[in-house]
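Data block below; observations after.
The values are calculated or read from the model by the stated rules, or taken from the named source; none is laboratory data. Small disclaimer: the values here were computed from a predicted structure and weren't measured. Every residue, glycine among them, receives a Cβ derived from its backbone with ideal geometry; neighbour counts consider all protein chains shown. Side chains are part of the model used for accessible areas, which takes the heavy atoms of the whole protein and leaves out ligands, DNA and RNA. Shrake-Rupley method; radii C 1.70, N 1.55, O 1.52, S 1.80 Å.
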Amino acid sequence: MSDFIPVNEPLLNGNEKAYLCECIDTGWISSEGPFVKRFEKEMAAYVGRKHGIAVCNGTAALEAAVQALDLEKGSEVILPAFTIISCAQAVTKAGLVPVVIDCEPDTWNMDVSRIEEKITDRTRAIMVVHIYGLPVEMDAVLELSKKYGLKVIEDAAEMHGQTYRGKQCGSFGDISIFSFYPNKHITCGEGGMIMTDDDMLAERCRGVRNLFFSARRYMHEEIGSNFRMTNMQAAIGVAQLEKIDEHILRKREIGHRYDELFADLQDVMLPVPKRDYADNIYWVYGMVIGSRYDFDAQEAMKRLGDMGIGARSFFYPIHRQPVYVKQGMFKNVSCPNAERISERGFYIPSGLGITDEQIEIVAKAVKTLFA
């Protein structure tokens, strides 16, 4: 369908092509190229971290970050039930136990008031995941981490340029990560980055990223992975970072315009525009279908698709993932908010490449859906 509006279209109107041509002209296309270190340095400076460690994708960033912490096998890590499986996967791959927290019904972020009741003598870390546009309330998380001596892993994959009380997301806790998938405010096509202020932790992350090569090449004291980012990925990332302020402004313009167009929708939950600690950055524009409608998100996406509008469902709750249920995990775990919004929530086209005209077309289709 030629006039189909996809859920996301990246914006590549800066120096991306020039920097890629430089990679090709110089022959530096591998992870040894100069754009990798440049991207790490500039991204760390932007976020306010001492170290940036570039990797091939966001999932790799999570797995390397958790492995680098070197937590005792069988330790528990508290994380949100409403998030992508990569978060739990990083925990289980490291031989750790994920313990899930339900989300808030309106911001869709983990309900930090429920964290302390889940802390046991086996808890070693809290994984924070900022969801869709607003950050998690970090003050409470950091207070609990200090009180109980817990590590904090901050997943800021969706939060490039977002701040919490004026401080950049990705700058909190012991270690943090970003993703550079095509739907992010900064994209490399695929890519990720680990951030930390701890010198030793940064060195361990570099070891995990590069198979833990030792002073003698091909001799290894630990098992790592090949999570390296290529120079070409980094070149695109550098170009994208140069325009991050424009990207943030545009995302908020898109979100605010949708807010205006949907102001008269009945029994449909829209993104919370702001909290006292942050204004929504509208990474995606989500909506949750109310009980007055007799269809769920899957049906809504099908109907929108028939009208030429792309849409995507919300995350599926970690504790209901079939792969974990088959393993006997999360027995008797209930997270009603996460369960409800995963069935009734979806998001509409809001990528950086969307035009003002397309926004109007999408809004008209959504209003037809809920008429």
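Of the numbered criteria (1) within 24 Å of Thr163 (Cβ to Cβ); (2) surrounded by fewer than 21 Cβ atoms within 10 Å (Cβ to Cβ); (3) of a type in the set (Gly, Ala, Ser), the one Gly27 fails is (1). Residue count for the stretch 143-174 under the criterion of being farther than 18 Å from Thr83 by Cα and of a type in the set (A, V, I, L, M, F, W, C): the result is 3.
Yes or no, residue by residue, for (1) in contact with a strand residue (DSSP E or B) (Cβ under 9 Å, 6 or more places away or on another chain); (2) at pLDDT 95 or above; (3) part of a loop (DSSP other than H, G, I, E, B):
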position: Phe172; (1), (2), (3): yes, yes, yes
position: Phe178; (1), (2), (3): yes, yes, no
position: Met195; (1), (2), (3): yes, yes, no
position: Arg204; (1), (2), (3): no, yes, no
position: Arg216; (1), (2), (3): no, no, yes
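Starting from residues that are in a loop (DSSP other than H, G, I, E, B) and in contact (Cβ under 8 Å) with a residue 60 or more places away in the chain, keep the ones in the stretch 120-149 and report whichever is most open to solvent (accessible area, probe 1.4 Å). Per the criteria, the residue is Glu137.
The set of residues in the stretch 150-173 that are over 14 Å from Leu79 (Cβ atoms), open to solvent by less than 50 Å² (accessible area, probe 1.4 Å) and of a type outside the set (A, V, I, L, M) comprises Glu158, His160, Gly161, Gln162, Thr163, Tyr164, Gln168, Cys169, Gly170, Ser171, Phe172. Restricting the first member to the stretch 341-356 and to residues that are under 18 Å from Asn183 (Cα atoms) and in contact (Cβ under 8 Å) with a residue 24 or more places away in the chain, and the second to residues that are in a helix (DSSP H, G or I) and among the aromatic types (Phe, Trp, Tyr), the beta-carbon pairs closer than 8 Å and six or more apart or on different chains are Ile348/Tyr258; Ser350/Tyr258.
All of Arg303, Arg292, Arg275 fail the test of being closer than 17 Å to Ile131 by Cβ and of a type in the set (Lys, Arg), apart from Arg275. Under 6 Å by Cβ, and 6 or more places apart or on different chains, what pairs join a residue from the stretch 1-24 that is surrounded by 12 or more Cβ atoms within 10 Å (Cβ to Cβ) with one that is among the small types (Gly, Ala, Ser) and not in a loop (DSSP other than H, G, I, E, B)? Pairs that qualify, where the first residue is surrounded by 12 or more Cβ atoms within 10 Å (Cβ to Cβ) and the partner is among the small types (Gly, Ala, Ser) and not in a loop (DSSP other than H, G, I, E, B), are Gly14/Ala239; Asn15/Ala239; Glu16/Ala239; Tyr19/Ala235; Tyr19/Ala239; Leu20/Ala235; Cys23/Ala235. Against the criterion of being out of contact with any Ser or Thr (no Cβ under 8 Å at 6 or more places or on another chain) and at pLDDT below 95, Met1 qualifies. Scoring Asp70 on the criteria (1) open to solvent by less than 60 Å² (accessible area, probe 1.4 Å); (2) among the charged types (D, E, K, R); (3) more than 22 Å from the chain's Cα centre (by Cα) leaves a single failure, condition (1). Restricting attention to the stretch 225-282, the residues being more than 30 Å from Ile29 (Cα to Cα), hydrophobic (A, V, I, L, M, F, W, C) and in contact (Cβ under 8 Å) with a residue 40 or more places away in the chain number 9.
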